[in-house]
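S.K.: Sharing a structure with you now.
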């Protein structure tokens, strides 16, 4: 939730005063900074728990500290639920927080043991607490429809190149291009510019014309299509950044129009007299 939700809670009739006071407390900057500190501290603990030496020496203390961090998160989520009640779930960020914290309550034995390892997702709560990170995630989600076309284009191009590479190089280099799946993986590796030069030089020993396949592929797949991804995301972030400015300018425009209408009415009345 945020200041807008707090304002809505204030305007809602019949809301108990203690709920508004509780909402103000959990939305305060001091409390938010405290939550960020706990998330970072908990992230360090989860990292230490992956070390056998650290667990052997400080295992009990780390488990206690982890439970204390979880208790803080539960108190925070519980306070928000008490303050906002069902309106808490109107925000996707709150739902994400609720699920991430709830995963930690899953029993750590039996078939649920795998879910317990998802406790590390609590670190992702930084995305919901820090506004600048929320803007980045919102921009990425907003750009998904535009990215869909780019991904489809990339998929078609990769599939075409994989079929071609399998036919051209599959017989002599089956470890890279022996199957369609292997070719797709190898071309994706080349797309990331990881080890493509060694692969290309090896193939050039038997296929001197191999650069005429690999260089256009890299230019199209890496330098062109991937830059389209970046361009769409950056464009979306700029649109979201400009949206508040437009919304802030709207009330001023309305007020100016109202003033002009009032002046026009006054002028008409004076002419009529």
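S.K.: Could you check residue 181 against (1) within 30 Å of residue 152 (Cβ to Cβ); (2) assigned to a helix (DSSP H, G or I); (3) modelled with pLDDT under 90 and say which number it fails?
M.R.: (3)
S.K.: Further question on the same structure: What about residue 211, is it modelled with pLDDT of 80 or more and on the phi < 0 side of the Ramachandran plot?
M.R.: yes
Rundown of residues vs (1) under 31 Å from the mean Cα position of the chain (by Cα); (2) surrounded by 14 or more Cβ atoms within 10 Å (Cβ to Cβ), yes/no style:
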| residue | (1), (2) |
| --- | --- |
| 141 | yes, no |
| 147 | yes, yes |
| 167 | no, no |
| 174 | no, no |
| 186 | yes, yes |
| 191 | yes, yes |
| 199 | no, yes |
| 205 | no, no |
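S.K.: May I ask you to verify whether residue 162 is surrounded by 14 or more Cβ atoms within 10 Å (Cβ to Cβ), touching a residue at least 40 places away in the same chain (Cβ under 8 Å) and part of a helix (DSSP H, G or I)?
M.R.: So residue 162 fails the test.
The values are calculated or read from the model by the stated rules, or taken from the named source; none is laboratory data. What you see is a predicted model, and the numbers here were worked out from it, not measured in a lab. A quick note on method: Cβ atoms are made from the backbone with ideal geometry, for glycine too, and the neighbour counts reach across all protein chains shown.
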